[in-house]
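Structure, as structure tokens:
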Amino acid sequence: FFFNRPSGGNVKRPTKTTTSKTMGDIAKMNFEPGSWQEALYDVCVGMKVGGAHSMYFVKKNAVAMVNPVLNAFGMGQPKHTLLSPEEAQPLKVIGVGYGRTGTYSLTLALEELGIPTLHTQHLYEHDDIFDMWERQVFQPAVENERAELGSPNFEAITRNGYQATMDFPMALYYEQVHEQFPDCKFILTVRDNSEQWFKSWDMLAKTITEPTRRFGTIPGLKNVKRINTYLKWLFSMVNQDNVYLTPQSPTPTQNKQAAIASYEAHNRRVREIIPADQLLEYSVKQGWEPLCDFLEIEECPTTPFPKSNSARSLHAQTMFAMILPISIALFITFYLFSATVQRCTGMTVLQWMNRKRIQFLTFAANLGQGKKGIKSC
């Protein structure tokens, strides 16, 4: 099973973003499970990746605002070019496991093996791909209040240089992919049991739902709004309930019984549909060997298998992704206020506040003395 890496001419591997580089660099470190070092590491990783996500959004919005002006002077950011249908490689590996089954660790592993892989966590970094999903799947479902698979165009993924995908939404399209790419191989990532999977899935849903819903209402944050639309569709598919598509506040919680039934039915259906020689049922705990054997890769890495996106790390990542832009906005606001005060009064903010405090105390004291004089009269 041979993977052709895009090279030469216009054929190229997808550009790694700051967030994917960050995750790839730090996923090689391993600590004793349950140790304080692991807990501290997870929190630090989450903060670093959350910060990278936030800065990506800030940079992207900033570029969108200034690029038209720069284009007028021939200095704008070059337009993203897609591979031609002839240059694009077919999809060769699809992760068909539900989210929270080790899909991001497996993404990093496939990247290390030289297989360009798109994970849902980086979906927002590709406007053309996200636009395709929103236009052909997510938005119609929300408008019709009926969750359906729709008809996505997989060429939008391959023309960006990807040969593999992991996690939702592609995990649900194994039948369509198998029909369109008959030589494709499928990896069904699983947890030890369904209860363990739901616990992690429910934590993810609680962590990301409200932030995306609230920030999605802010003008200019188009990607956050799109993610919110995606989550409505995704939760309705996983829970098999269209109620998640309706505009409710707060968003309904995950239905444990329905979600577990969906998870188990999905795994059974994958085993029934995909031929045994094209399917690997896999836990990331198994490491490199079964993955390399399945993909017929002779030179298997000897480095530790990537480990990332733990529940603790994801929680820290989401929280820091919200806190960082708010902190930056407050800092900029205070800086502008401080500069204005100094320009108008010749004093620093602290000096100005201290002066106002003295004036207020003097006014209060004079007011008190005036009341005493009235009483004495």
Answer from 107, 207 - the residue that is polar (S, T, N, Q), out of contact with any strand residue (DSSP E or B) (no Cβ under 9 Å at 6 or more places or on another chain) and assigned to a helix (DSSP H, G or I)
207
Which residues, taken from region 111-127, are in a helix (DSSP H, G or I), farther than 26 Å from residue 203 by Cα and either open to solvent by less than 10 Å² (accessible area, probe 1.4 Å) or without any contact (Cβ under 8 Å) to a residue 60 or more places away in the chain (or both)?
127
Matching residues in region 162-183 - criterion: being surrounded by fewer than 19 Cβ atoms within 10 Å (Cβ to Cβ) and assigned to a loop (DSSP other than H, G, I, E, B)
181, 182, 183
Conditions first: (1) under 30 Å from residue 302 (Cβ atoms); (2) open to solvent by less than 20 Å² (accessible area, probe 1.4 Å); (3) part of a helix (DSSP H, G or I). Residue 141 passes all but one, so which condition is the exception?
(1)
Could you please give the count of residues in region 115-130 that are at pLDDT 95 or above and more than 15 Å from the chain's Cα centre (by Cα)?
2
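Would you mind finding the one in 146, 135, 159, 100 that is free of Cβ contacts under 8 Å to residues at least 12 places away in the same chain and either open to solvent by 10 Å² or more (accessible area, probe 1.4 Å) or among the hydrophobic types (A, V, I, L, M, F, W, C) (or both)? Lay out the reasoning, then the answer.
On the way: 146 fails: free of Cβ contacts under 8 Å to residues at least 12 places away in the same chain; 159 fails: free of Cβ contacts under 8 Å to residues at least 12 places away in the same chain; 100 fails: free of Cβ contacts under 8 Å to residues at least 12 places away in the same chain.
Just a single option satisfies the conditions, and that option is 135.
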If you go through 206, 199, 222, the only one that is closer than 30 Å to residue 66 by Cα and at pLDDT below 95 is 222
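Quick grid of which residues meet (1) under 23 Å from the mean Cα position of the chain (by Cα); (2) outside any helix (DSSP H, G or I); (3) modelled with pLDDT of 90 or more:
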residue: 227; (1), (2), (3): yes, no, no
residue: 232; (1), (2), (3): yes, no, yes
residue: 237; (1), (2), (3): yes, no, yes
residue: 280; (1), (2), (3): no, yes, yes
residue: 289; (1), (2), (3): no, no, yes
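In this structure, is residue 186 at pLDDT 95 or above, over 25 Å from residue 275 (Cα atoms) and buried (at least 22 other Cβ atoms within 10 Å of the Cβ)?
Numbers: at pLDDT 95 or above: yes; over 25 Å from residue 275 (Cα atoms): no; buried (at least 22 other Cβ atoms within 10 Å of the Cβ): yes.
Judged against the criteria, residue 186 is not a match.
The values are calculated or read from the model by the stated rules, or taken from the named source; none is laboratory data. Please read all numbers here as calculations on a predicted model, not as lab measurements. Note: ideal-geometry Cβ built from the backbone for every residue, glycine included; neighbour counts use all protein chains shown. Heavy atoms of the whole protein, side chains included, go into the accessibility calculation; ligands, DNA and RNA do not. Shrake-Rupley method; radii C 1.70, N 1.55, O 1.52, S 1.80 Å.
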